[in-house]
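The values are calculated or read from the model by the stated rules, or taken from the named source; none is laboratory data. Keep in mind it's a predicted model, so treat the numbers as computed, not measured. Cβ atoms come from the backbone with ideal geometry, glycine included; neighbour counts cover every protein chain shown. Heavy atoms of the whole protein, side chains included, go into the accessibility calculation; ligands, DNA and RNA do not. Shrake-Rupley method; radii C 1.70, N 1.55, O 1.52, S 1.80 Å.
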Amino acid sequence: MEKPAIMTLDANLQELAPTLEAIRSQGVQHHIRGSKTASQSGKRFDVHSPVDGSPTCQVAAGSRTEIDSAASAAKEAFGHWSRIDGSQRSKILHRIADLLEQNARRIGLLESWDTGQPIRFMSKTAARGAHNFRYFADKVLSARDGQSLPSPTLLNLTTRMPIGPVGVITPWNVPFMLSTWKIAPALAAGCTVVHKPAELSPLTAEILVELCEEAGLPAGALNVVHGTGSEAGVALTEHPDIRAIAFVGESATGSDIMRQGSATLKRVHFELGGKNPVIVFEDADLDRALDAVIFMIFSLNGERCTSSSRLLVEEGIAEEFVARLKRRIGNLRIGNPLDPATEVGPLISEQHVEKVLSYVKIAHDEGATVAAGGRRLAENGCYVLPTLLCNATSDMRIAQEEIFGPVLTVIPFADEEQALTIANDVRYGLAGYVWTRDLERALRVSDNLQAGMIWVNSHNVRHLPTPFGGMKDSGIGRDGGDWSFEFYMERKHIALATGKHPIPRLGGN
C-alpha cells in the first residue's frame, strides 16, 4: 500500500491559498433562506489571521434586521422539515457527513488559519463533525420515542416533538466542530436553526451551511447570521420566534443570554467556562499522567473549556513531577499552525494575548513563580510561550479565574481531603481528571468532585452517547445522546381512556 504524502508547511500554505484568495475577494456574507445575503445596513467588519496579523477578509455585520429575516426563514422551513419522514431526514444528515469528509482538507486548513489552532488537531475537525452528523442521523428514527405508562383507567403514552426554530451561538476556539455538536442534533430532532458564529472565527460556518444544502437540507432549515454578540447575538436571544438558545462561551455571556431570553421564556443550554483540576496522586502511573497533563492544557493552545488548567499534585511527588513537567514544556514546538510539526500555535487575537499575559503579572503580584514561559514568542502573530505557574495557592486569582490559554497553575496537596477541598474551591464545575491506581480512591474522589464530567486515568475522550456539560457556573443542561433530544424537543403526554370509568358530575342533570 502506498504511504500517504507527508504535508509540509509550504504545501499546506499553497493548498490553502486559492480558498483564502476567494474569501478575500468575495468577503463573507450571511446565509438566509438558501442564499448569500449582505447586511441591509452595508456594515462589515474585518477579520485578521492570528498567524501573522494579516487581514483575511471582510464579514457582513448583521443586526436585528438580518436576525428577523433568518428567524422568519427558520420558522417557515420548520413547517416542512419537522414533518418529513424520519428516514428521509436521516438520509440527508448522512449525506452531510459524506460531504464533510470529502471537504475535510479544505475545512481543516481554513479553520487552522482562522483560529491559530495547529493543523495536527484541525485536520480531524471535519471528521469529528461528520461523526456528529452520522451519530445523530442514526438516532433520528428514535427521536420521537416515548414510554407507555398505564394506570388503572388510562393508557398513558409519551412522545416528543421538535421545539421549533432554535438559535445556536458558537465560540471561536474550535468553531466548526462545536457548531456540528449543536446543529446536528437540532436538525435530527426536526428543529430549524439560526446560527450566529463567533466574529473572530467566522470562515468555516459558510462551508457548513453550503454543504448541508448541497446534501439536500431545505433552504431556511439552517441560516447563518454574522455579527457581534451585542447586536446580532442579542437580537437572536430576544427574538420571539426562536424557542431555544444553545450557547458555548463565557459564563458572563451565558448570564446575559439568560436575561435576554427571559421575556420569551426561552429554553437555554449553556456550555460555559471551566477551571478544571487534574489531580495526580503518588500512586498514579506518572508517565501517563504527565502526558495527559501536558496534552490537556497545551493542546488547542489551551483555548478549550475542558482544559486541565489547575494541576493538583501530591506533595511527595510534586518536586520531581513539576521538574519533569518543566522540561517537557521547554520541548513543545511552537509555530505556524499550518506546519504539521507545530504543537502550540498562536492565540486567537491580540486582545486575548493581552488578557492571557496579564495573568503573568497577576501571578507575580500574588507571590507565585513563573517557572516557564510567561511571555510572547514573537512580535508578529499572537504567539505566547506555554507557561507554568508554581508556588500557587487556591485563593490566588490564577487558581480561581479562567485564563483560557496555555497557562498551567500548580498547587501541591497533602492528602485526599485537601485535594478535594482545593478542587472544589472554584465557581466552575465543568470537568475533572483523577490519576490514581487505587480504585476505591478513584470512586470516592469522583463522587465528591463538583464537576459534570470526570475522567479517571485518562485525558478528555468525547463519546457522543454520554452527557457533556457542567455544573455551577460551567453550564446548564447536557449535550450528547438522548440528552440532546431532551433539549431540542418537547415532551408530550397523551392519556387514552381504557374504559368508561366514572366521571364526577357537576350541576345535576
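So ALA371 passes all but one of these: (1) open to solvent by 20 Å² or more (accessible area, probe 1.4 Å); (2) in a loop (DSSP other than H, G, I, E, B); (3) farther than 30 Å from PRO185 by Cα; (4) at pLDDT 95 or above. Which condition number does it fail?
So ALA371 meets the others, but not (2).
Tell me which of these SER72 doesn't satisfy, since it passes every other one: (1) surrounded by fewer than 16 Cβ atoms within 10 Å (Cβ to Cβ); (2) in contact with a Gly (Cβ under 9 Å, 6 or more places away or on another chain).
Checking SER72 against (1) surrounded by fewer than 16 Cβ atoms within 10 Å (Cβ to Cβ); (2) in contact with a Gly (Cβ under 9 Å, 6 or more places away or on another chain), the one that fails is (1).
If you scan the range 462-478, which residues turn out to be buried (at least 17 other Cβ atoms within 10 Å of the Cβ) and at pLDDT below 95?
Scanning the range 462-478 gives a single hit, LEU464.
Output the number of residues of the range 396-414 satisfying the condition of being more than 28 Å from the chain's Cα centre (by Cα) and either open to solvent by 20 Å² or more (accessible area, probe 1.4 Å) or hydroxyl-bearing (Ser, Thr, Tyr) (or both). Explain how you work it out, then say what you get.
Taking the range 396-414 and keeping what is more than 28 Å from the chain's Cα centre (by Cα), we get 412-414.
Subset that is either open to solvent by 20 Å² or more (accessible area, probe 1.4 Å) or hydroxyl-bearing (Ser, Thr, Tyr) (or both): 412, 414.
So the count comes out to 2.
Being assigned to a helix (DSSP H, G or I) and among the aliphatic types (A, V, I, L, M) is the requirement here; does ILE348 meet it? It would help to see each step written out before you state the result.
Working: assigned to a helix (DSSP H, G or I): no; among the aliphatic types (A, V, I, L, M): yes.
Taking the combined requirement at face value, the residue does not satisfy it.
Looking at the range 374-395 only, could you name the residues that are hydrophobic (A, V, I, L, M, F, W, C), at pLDDT below 95 and buried (at least 20 other Cβ atoms within 10 Å of the Cβ)? Talk me through it step by step, then tell me what you get.
Filtering the range 374-395 for residues hydrophobic (A, V, I, L, M, F, W, C) gives 377-378, 382, 384-385, 388-390, 392.
Going one step further and asking which of them are at pLDDT below 95, we end up with 377-378.
Once the filter is applied, which keeps residues that are hydrophobic (A, V, I, L, M, F, W, C), at pLDDT below 95 and buried (at least 20 other Cβ atoms within 10 Å of the Cβ), the range 374-395 yields nothing.
When residues of the range 300-332 are filtered for being touching a residue at least 40 places away in the same chain (Cβ under 8 Å), part of a helix (DSSP H, G or I) and either of a type in the set (Lys, Arg) or buried (at least 21 other Cβ atoms within 10 Å of the Cβ) (or both), how many remain?
7
Residues GLY53, GLY62: which one is on the phi > 0 side of the Ramachandran plot and in a loop (DSSP other than H, G, I, E, B)?
Numbers: GLY62 fails: on the phi > 0 side of the Ramachandran plot.
Just one listed residue meets the conditions, GLY53.
Those residues that are without any contact (Cβ under 8 Å) to a residue 24 or more places away in the chain and acidic (Asp, Glu), I need them from the range 416-445; list them, please.
Hits for the range 416-445 are GLU417, GLU440.
So, GLU111, is that one open to solvent by 10 Å² or more (accessible area, probe 1.4 Å), among the acidic types (Asp, Glu) and in contact (Cβ under 8 Å) with a residue 24 or more places away in the chain or not?
Working: open to solvent by 10 Å² or more (accessible area, probe 1.4 Å): no; among the acidic types (Asp, Glu): yes; in contact (Cβ under 8 Å) with a residue 24 or more places away in the chain: yes.
No; evaluated as a whole, the condition is false for this residue.
Tally up the residues in the range 423-461 that are open to solvent by less than 50 Å² (accessible area, probe 1.4 Å), farther than 23 Å from ARG324 by Cα and part of a helix (DSSP H, G or I), please.
Let us first name the residues in the range 423-461 that are open to solvent by less than 50 Å² (accessible area, probe 1.4 Å), namely 423-424, 426, 428-436, 441-442, 445-446, 449, 451-453, 455, 458, 460.
With farther than 23 Å from ARG324 by Cα added as a condition, the list becomes 424, 426, 428-431, 441-442, 445-446, 449, 451-453.
The next check asks that each one be part of a helix (DSSP H, G or I); those that pass are 424, 441-442, 445-446.
Residues in the range 423-461 being open to solvent by less than 50 Å² (accessible area, probe 1.4 Å), farther than 23 Å from ARG324 by Cα and part of a helix (DSSP H, G or I): 5 in total.
Which of the residues that make up the range 261-285 are over 30 Å from PRO162 (Cα atoms) and crowded, with 18+ Cβ neighbours inside 10 Å? If you could, list the steps in order and put the result at the bottom.
Of the residues in the range 261-285, the ones over 30 Å from PRO162 (Cα atoms) are 274-285.
Those that are over 30 Å from PRO162 (Cα atoms) and crowded, with 18+ Cβ neighbours inside 10 Å: GLY274, LYS275, ASN276, PRO277, VAL278, ILE279, VAL280, PHE281, ALA284.
Of LEU157, LEU141, which residue is under 29 Å from THR498 (Cβ atoms), touching a strand residue (DSSP E or B) at 6+ places or on another chain (Cβ under 7 Å) and open to solvent by 40 Å² or more (accessible area, probe 1.4 Å)? Lay out the reasoning, then the answer.
On the way: LEU141 fails: touching a strand residue (DSSP E or B) at 6+ places or on another chain (Cβ under 7 Å).
Being under 29 Å from THR498 (Cβ atoms), touching a strand residue (DSSP E or B) at 6+ places or on another chain (Cβ under 7 Å) and open to solvent by 40 Å² or more (accessible area, probe 1.4 Å) holds for just one of LEU157, LEU141, which is LEU157.
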